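The values are calculated or read from the model by the stated rules, or taken from the named source; none is laboratory data. Everything numeric here is computed off the predicted structure, so don't read it as measured data. Virtual Cβ from ideal backbone geometry, glycine too; neighbours counted across all protein chains shown.
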Amino acid sequence: MRRRRHEEHENHERWLVSYADFITLLFAFFVVMYSISSVNEGKYKVLSDTLEGAFNQPQRSIDPIQIGQETPRGIDTQDSDDTQAGQQDGGGDALQDITQAMQQAFGELIQAGELEVRGNELWVEIELSSGLLFPSGDALPLDAAFGLIDRIAEILAPYDNPVHVEGFTDNVPMRTGNYPTNWELSAARAASVVRMLGNGGVNPDRLAAVGYGEFRPVADNTTAAGRKANRRVVLLVSRFLDKRHEAFGGQPDSVNDMREARSEATLPAAAMQASGTGPASSSAP
């Protein structure tokens, strides 16, 4: 005979487990709420004083950083003679003084549109019509040009800023044999102005001549007014010294060493030609 399985009685008190868990969670919730609502006045006072001291401290920087006024982007701010060429010994701005002096000295020419002064933080541009300085198709200065350039040189001479003289022409082809193209004419005119500036007292080490010919027009060459505007000479006065090309400062011994090294470099080639092992020498001069 089979035995009857013992029937388990259903537990009707399992709800007590869930109820106990709920009461535990509810107790923990009220404990957390109470701890949050109870503020430690001592710690709160310390935090308040700390924040107040951080936001009310006096300024520690003596000279705040200047943006867009003192130094353009990309310019080295080392305190040296090269990078401070735009500042006078008295602390003034050389470019600003040059601009003001040019405007005062040549007010009539500026109003007539024959001379223009413009610039920014890096340079001052003094533009003169070629008709003030040269006859048509020539780089030989007019008599009136000497007095005009002397007045400009008198303004520029006290400063150390580099001056690049740029020559421009219209697109009319040259018909004289002195200058094959407008390249030569524009470069010759720039060189003539450089020579007059040097004679007027500007240090020649600061000067350079550049010819752009007809390839930098500012107006339409199809009109007479446009061609006149394109025939111009521009004096570009830079704030910062250009140290790309420095005068050679070596002693005579260094010069001799360079010559000896160059002579030694040519000896192997000469020896090869003498022995017949090298390439045949040409009889052409």
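Exactly one residue among L133, L142 is within 21 Å of A229 (Cα to Cα), in contact with a Pro (Cβ under 8 Å, 6 or more places away or on another chain), of a type outside the set (V, I, T) and without any contact (Cβ under 8 Å) to a residue 24 or more places away in the chain, and that residue is L142. Looking at G177, G137, G226, just one residue is at positive phi and at pLDDT below 95, and that residue is G137. For the stretch 104-118, the count of residues that are at pLDDT below 85 and closer than 19 Å to H164 by Cα is zero.
Residues in the stretch 108-128 that are part of a helix (DSSP H, G or I) and not acidic (D, E) were compared, and the one that is surrounded by the most Cβ atoms within 10 Å (Cβ to Cβ) is L109.
Residue-by-condition table, conditions (1) basic (K, R); (2) at pLDDT below 50; (3) loosely packed, with under 10 Cβ neighbours inside 10 Å; (4) within 38 Å of the chain's Cα centre (by Cα):
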{"site": "F248", "(1), (2), (3), (4)": "no, no, yes, yes"}
{"site": "Q251", "(1), (2), (3), (4)": "no, yes, yes, yes"}
{"site": "A270", "(1), (2), (3), (4)": "no, yes, no, no"}
{"site": "Q273", "(1), (2), (3), (4)": "no, yes, no, no"}
{"site": "P279", "(1), (2), (3), (4)": "no, yes, yes, no"}
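The C-beta contact set for the stretch 179-195 (first residue farther than 26 Å from R151 by Cα, second residue buried (at least 17 other Cβ atoms within 10 Å of the Cβ), distance under 7 angstrom, 6+ apart or interchain) comprises Y179/L185; Y179/A188; T181/G213; N182/T169; N182/G213; N182/E214; W183/G211; W183/G213. Taking residues in the stretch 100-128 that are more than 22 Å from R231 (Cα to Cα), and partners anywhere that are aliphatic (A, V, I, L, M) and buried (at least 16 other Cβ atoms within 10 Å of the Cβ), the pairs with Cβ atoms closer than 6 Å and at least 6 places apart or on different chains are A101/I155. Annotation: of all residues in the stretch 186-219 being buried (at least 17 other Cβ atoms within 10 Å of the Cβ) and among the basic types (K, R), the one that is nearest to L140 (Cα to Cα) is R189.
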